[in-house]
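Following: one structure in C-alpha coordinates, then a few remarks.
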Amino acid sequence: MYHQIGQPAVKGSPYRSLIVHPADFRRQMTWLRRFGYRGLSMRDLMPYIRGERHGKVVGITFDDGYRNVYRHALPILREQDFTATNYFVARQLDGGNVWDYEKGIAHADLMSIDEMREWTTAGMEVGSHTLDHPFLPKLSPEVADYQIRQSKHELEDAMGSEVTAFCYPYGGESPELRAMVRNAGYINATTTQGGLAKETDDPFGLPRVTVARSTNIFRFLQKCMTRLEQKRRKE
(Lines give C-alpha, C1' and ligand atoms only; values in the text may rest on other atoms or scores of the structure.)
Protein backbone atom coordinates (compact mmCIF):
# COMPACT_ATOMS: atom_id res chain seq x y z
CA MET A 1 0.00 0.00 0.00
CA TYR A 2 1.49 3.26 -1.23
CA HIS A 3 0.12 6.79 -1.46
CA GLN A 4 2.55 9.31 -2.96
CA ILE A 5 5.88 8.76 -4.72
CA GLY A 6 7.80 12.01 -4.58
CA GLN A 7 9.98 14.37 -2.59
CA PRO A 8 9.23 14.16 1.16
CA ALA A 9 7.35 17.04 2.75
CA VAL A 10 9.04 19.36 5.24
CA LYS A 11 10.11 17.57 8.41
CA GLY A 12 7.31 17.63 10.96
CA SER A 13 4.57 17.78 8.33
CA PRO A 14 1.48 15.62 9.03
CA TYR A 15 1.54 12.22 7.32
CA ARG A 16 4.98 12.88 5.85
CA SER A 17 5.53 9.13 6.14
CA LEU A 18 3.10 8.49 3.27
CA ILE A 19 5.43 10.06 0.69
CA VAL A 20 8.00 7.52 -0.54
CA HIS A 21 11.03 8.90 -2.37
CA PRO A 22 11.25 7.79 -6.05
CA ALA A 23 14.76 6.37 -5.49
CA ASP A 24 13.44 4.19 -2.67
CA PHE A 25 10.51 3.02 -4.78
CA ARG A 26 12.88 2.13 -7.62
CA ARG A 27 15.09 0.18 -5.20
CA GLN A 28 12.09 -1.70 -3.83
CA MET A 29 10.77 -2.70 -7.26
CA THR A 30 14.26 -3.63 -8.48
CA TRP A 31 14.88 -5.96 -5.55
CA LEU A 32 11.49 -7.60 -5.88
CA ARG A 33 12.35 -8.42 -9.47
CA ARG A 34 15.85 -9.66 -8.54
CA PHE A 35 14.32 -12.10 -6.06
CA GLY A 36 11.99 -13.43 -8.74
CA TYR A 37 8.78 -11.66 -7.68
CA ARG A 38 6.27 -10.03 -10.01
CA GLY A 39 4.39 -6.91 -9.00
CA LEU A 40 0.73 -7.15 -9.97
CA SER A 41 -2.42 -5.06 -10.01
CA MET A 42 -5.42 -6.36 -8.07
CA ARG A 43 -6.96 -7.49 -11.36
CA ASP A 44 -3.88 -9.59 -12.12
CA LEU A 45 -3.39 -10.70 -8.51
CA MET A 46 -6.84 -12.14 -7.82
CA PRO A 47 -6.26 -15.53 -9.54
CA TYR A 48 -3.33 -16.05 -7.15
CA ILE A 49 -5.35 -15.05 -4.09
CA ARG A 50 -8.13 -17.42 -5.16
CA GLY A 51 -5.60 -20.24 -5.54
CA GLU A 52 -6.18 -20.58 -9.28
CA ARG A 53 -2.57 -19.64 -10.08
CA HIS A 54 0.66 -20.00 -8.14
CA GLY A 55 3.88 -18.01 -8.15
CA LYS A 56 5.98 -15.37 -6.43
CA VAL A 57 3.75 -12.32 -6.68
CA VAL A 58 3.16 -9.08 -4.78
CA GLY A 59 0.12 -6.85 -5.22
CA ILE A 60 1.00 -3.17 -5.70
CA THR A 61 -1.61 -0.53 -4.87
CA PHE A 62 -1.67 3.26 -4.63
CA ASP A 63 -4.40 5.25 -2.89
CA ASP A 64 -5.93 8.51 -4.17
CA GLY A 65 -4.51 8.84 -7.70
CA TYR A 66 -1.64 11.27 -7.11
CA ARG A 67 0.06 12.87 -10.11
CA ASN A 68 3.50 12.13 -8.66
CA VAL A 69 2.70 8.41 -8.92
CA TYR A 70 2.06 8.91 -12.64
CA ARG A 71 5.31 10.85 -13.02
CA HIS A 72 7.64 8.84 -10.81
CA ALA A 73 6.19 5.36 -10.24
CA LEU A 74 4.73 4.57 -13.66
CA PRO A 75 8.09 4.60 -15.52
CA ILE A 76 9.62 2.34 -12.86
CA LEU A 77 6.72 -0.11 -13.00
CA ARG A 78 7.01 -0.26 -16.79
CA GLU A 79 10.76 -0.87 -16.59
CA GLN A 80 10.16 -3.89 -14.36
CA ASP A 81 7.16 -5.08 -16.41
CA PHE A 82 4.99 -4.83 -13.29
CA THR A 83 1.34 -3.82 -13.09
CA ALA A 84 -0.35 -1.91 -10.26
CA THR A 85 -3.73 -0.59 -9.15
CA ASN A 86 -4.38 3.05 -8.36
CA TYR A 87 -7.58 3.93 -6.49
CA PHE A 88 -8.99 7.21 -7.83
CA VAL A 89 -11.35 9.66 -6.14
CA ALA A 90 -13.79 10.05 -9.01
CA ARG A 91 -14.74 13.71 -8.49
CA GLN A 92 -11.22 14.99 -7.87
CA LEU A 93 -9.61 14.06 -11.19
CA ASP A 94 -7.13 16.84 -11.99
CA GLY A 95 -7.88 18.17 -8.51
CA GLY A 96 -6.24 17.68 -5.15
CA ASN A 97 -6.38 15.94 -1.79
CA VAL A 98 -9.07 18.25 -0.41
CA TRP A 99 -10.03 15.72 2.28
CA ASP A 100 -6.60 16.26 3.87
CA TYR A 101 -6.60 20.05 4.18
CA GLU A 102 -8.26 20.23 7.61
CA LYS A 103 -5.50 17.97 8.98
CA GLY A 104 -2.86 20.45 7.87
CA ILE A 105 -1.62 18.25 5.03
CA ALA A 106 -0.28 20.16 2.05
CA HIS A 107 -2.03 20.15 -1.32
CA ALA A 108 -0.88 17.50 -3.78
CA ASP A 109 -2.04 17.29 -7.40
CA LEU A 110 -4.11 14.33 -8.55
CA MET A 111 -4.03 12.81 -12.02
CA SER A 112 -6.14 14.27 -14.80
CA ILE A 113 -8.48 12.14 -16.92
CA ASP A 114 -5.85 11.99 -19.67
CA GLU A 115 -3.17 10.86 -17.21
CA MET A 116 -5.53 8.25 -15.78
CA ARG A 117 -6.14 6.97 -19.30
CA GLU A 118 -2.39 6.81 -19.96
CA TRP A 119 -2.07 4.87 -16.69
CA THR A 120 -4.43 2.22 -18.06
CA THR A 121 -2.89 2.27 -21.54
CA ALA A 122 0.39 1.31 -19.85
CA GLY A 123 -1.30 -1.83 -18.48
CA MET A 124 -2.12 -0.48 -15.04
CA GLU A 125 -5.50 -0.71 -13.32
CA VAL A 126 -7.92 1.99 -12.21
CA GLY A 127 -9.84 1.26 -9.03
CA SER A 128 -12.42 3.32 -7.16
CA HIS A 129 -11.82 5.24 -3.93
CA THR A 130 -15.39 6.66 -3.91
CA LEU A 131 -16.60 10.00 -5.27
CA ASP A 132 -15.23 12.28 -2.55
CA HIS A 133 -13.07 10.21 -0.14
CA PRO A 134 -15.51 10.16 2.82
CA PHE A 135 -15.30 7.91 5.88
CA LEU A 136 -18.04 5.55 4.74
CA PRO A 137 -19.14 4.19 8.18
CA LYS A 138 -20.30 7.70 9.17
CA LEU A 139 -22.60 8.06 6.17
CA SER A 140 -26.20 6.88 5.88
CA PRO A 141 -26.51 3.54 4.04
CA GLU A 142 -28.08 5.33 1.08
CA VAL A 143 -25.29 7.89 0.74
CA ALA A 144 -22.57 5.29 1.27
CA ASP A 145 -24.08 3.08 -1.42
CA TYR A 146 -24.23 6.07 -3.79
CA GLN A 147 -20.55 6.86 -3.17
CA ILE A 148 -19.63 3.26 -3.96
CA ARG A 149 -21.85 2.73 -7.01
CA GLN A 150 -21.67 6.15 -8.64
CA SER A 151 -17.87 6.35 -8.43
CA LYS A 152 -17.67 3.10 -10.38
CA HIS A 153 -19.97 4.47 -13.08
CA GLU A 154 -18.18 7.82 -13.38
CA LEU A 155 -14.72 6.25 -13.60
CA GLU A 156 -15.96 3.74 -16.17
CA ASP A 157 -17.51 6.55 -18.23
CA ALA A 158 -14.24 8.49 -18.10
CA MET A 159 -12.14 5.52 -19.20
CA GLY A 160 -14.49 3.51 -21.34
CA SER A 161 -13.63 0.30 -19.50
CA GLU A 162 -14.80 -1.64 -16.45
CA VAL A 163 -13.72 -0.84 -12.88
CA THR A 164 -13.65 -3.91 -10.63
CA ALA A 165 -11.37 -2.89 -7.70
CA PHE A 166 -12.44 -0.79 -4.72
CA CYS A 167 -10.61 0.66 -1.72
CA TYR A 168 -12.29 1.89 1.49
CA PRO A 169 -11.17 5.47 2.29
CA TYR A 170 -9.34 5.57 5.65
CA GLY A 171 -9.93 1.81 5.82
CA GLY A 172 -13.49 2.47 7.01
CA GLU A 173 -15.50 -0.66 6.32
CA SER A 174 -18.05 -3.07 7.81
CA PRO A 175 -19.94 -6.21 6.74
CA GLU A 176 -22.71 -3.96 5.41
CA LEU A 177 -20.29 -1.87 3.37
CA ARG A 178 -18.58 -4.97 2.01
CA ALA A 179 -21.98 -6.17 0.81
CA MET A 180 -22.61 -2.82 -0.90
CA VAL A 181 -19.28 -3.08 -2.73
CA ARG A 182 -20.06 -6.64 -3.83
CA ASN A 183 -23.57 -5.70 -4.99
CA ALA A 184 -22.23 -2.70 -6.92
CA GLY A 185 -20.35 -5.09 -9.19
CA TYR A 186 -16.80 -4.88 -7.91
CA ILE A 187 -14.72 -8.07 -7.71
CA ASN A 188 -12.43 -7.12 -4.80
CA ALA A 189 -11.82 -4.44 -2.18
CA THR A 190 -8.83 -3.54 -0.03
CA THR A 191 -8.61 -2.19 3.50
CA THR A 192 -5.85 -0.57 5.55
CA GLN A 193 -5.63 -3.58 7.85
CA GLY A 194 -2.09 -4.94 7.91
CA GLY A 195 -1.28 -8.47 6.81
CA LEU A 196 -0.70 -10.76 3.86
CA ALA A 197 -3.70 -11.77 1.77
CA LYS A 198 -4.74 -15.43 1.96
CA GLU A 199 -6.92 -17.68 -0.15
CA THR A 200 -9.45 -17.86 2.70
CA ASP A 201 -9.85 -14.06 2.90
CA ASP A 202 -13.06 -12.30 1.98
CA PRO A 203 -12.15 -10.70 -1.38
CA PHE A 204 -14.01 -7.58 -0.21
CA GLY A 205 -11.84 -7.13 2.87
CA LEU A 206 -8.27 -7.79 1.74
CA PRO A 207 -5.42 -6.61 4.01
CA ARG A 208 -2.36 -4.76 2.74
CA VAL A 209 1.25 -4.09 3.72
CA THR A 210 2.00 -0.42 4.38
CA VAL A 211 5.16 0.95 2.78
CA ALA A 212 6.22 4.22 4.42
CA ARG A 213 8.91 6.81 3.69
CA SER A 214 11.03 5.32 6.48
CA THR A 215 10.70 1.69 5.30
CA ASN A 216 14.28 0.72 4.47
CA ILE A 217 14.99 -1.94 1.85
CA PHE A 218 15.64 -4.68 4.39
CA ARG A 219 12.34 -4.07 6.18
CA PHE A 220 10.56 -3.81 2.83
CA LEU A 221 11.83 -7.23 1.76
CA GLN A 222 10.90 -8.66 5.16
CA LYS A 223 7.38 -7.28 4.77
CA CYS A 224 6.96 -8.76 1.29
CA MET A 225 8.91 -12.02 1.45
CA THR A 226 8.46 -13.32 5.03
CA ARG A 227 5.59 -13.91 7.44
CA LEU A 228 6.41 -10.71 9.38
CA GLU A 229 3.21 -8.94 8.40
CA GLN A 230 1.04 -11.85 9.54
CA LYS A 231 1.54 -10.58 13.10
CA ARG A 232 -0.50 -7.52 12.15
CA ARG A 233 -3.55 -9.46 11.09
CA LYS A 234 -6.67 -9.32 13.22
CA GLU A 235 -7.89 -12.88 13.09
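Side notes on the structure shown:
- Range of Cα positions in the stretch 131-235 per principal axis (Å), largest first: 42, 30, 26
- In this structure the amide hydrogen of His21, modeled in the peptide plane, comes within under 5 Å of the amide hydrogens of Gly6, none closer than 5 places in sequence on its chain.
- Under-5 Å amide H pairs with Leu110, H placed in peptide plane, nonlocal only: Arg67, Asp94, Gly95, Gly96
- Mean accessible surface per residue for the chain, computed with a 1.4 Å probe while every protein chain stays in place, in Å²: 47
- Dipole of the stretch 1-98 [Lys/Arg +1, Asp/Glu -1 at C-beta], most positive-end residue of Asn86, Ile19, Thr30: Thr30
- Antiparallel beta bridges, as assigned by DSSP with both residues in the chain, represent about 10 percent of the total such bridges.
- Potential extension, Arg27-Arg213 segment - 0.36 nm per residue separation minus Cα distance: 65.7 nm
- Of all aspartates and glutamates in the structure, those lying under 18 Å Cα to Cα from Lys11, and not within fewer than 8 positions of it along the same chain, are Asp24, Asp100.
- Cβ-derived FRET efficiency at R0 25 Å, His153 paired with Asp109, nearest 0.05: 0.55
- For the chain, the equivalent ellipsoid built from the Cα gyration tensor has semi-axes of 24, 21, 18 Å, listed from largest to smallest.
- Length released on extending from Arg53 to Gln193, taking residue separation times 0.36 nm less the Cα-Cα span: 48.0 nm
- In summary, the lysines within cross-link reach of Lys56, defined as a Cα separation below 19 angstrom excluding same-chain residues under 8 places away, comprise Lys198, Lys223.
- Within the accessible surface of the chain, defined with a 1.4 Å probe on protein heavy atoms only, the carbon and sulfur portion equals 49 percent.
- FRET efficiency, Thr226 to Ser174 (Cβ-Cβ, R0 35 Å, nearest 0.05): 0.70
- Cross-link partners of Lys138 among lysines (Cα-Cα below 21 Å; sequence separation of 8 or more within a chain): Lys103, Lys152
- The label-point distance for Phe35 and Arg16, in a model that sets each label 7 Å from Cα toward Cβ, rounds to 2.8 nm.
The values are calculated or read from the model by the stated rules, or taken from the named source; none is laboratory data. Quantities reported herein were computed from a predicted structural model and do not represent experimental measurements. In this analysis, Cβ positions are derived from the backbone assuming ideal geometry, glycine residues included, and neighbour counts consider all displayed protein chains. Areas reflect the complete protein model, heavy atoms only, side chains present, ligands, DNA and RNA absent. Shrake-Rupley method; radii C 1.70, N 1.55, O 1.52, S 1.80 Å.
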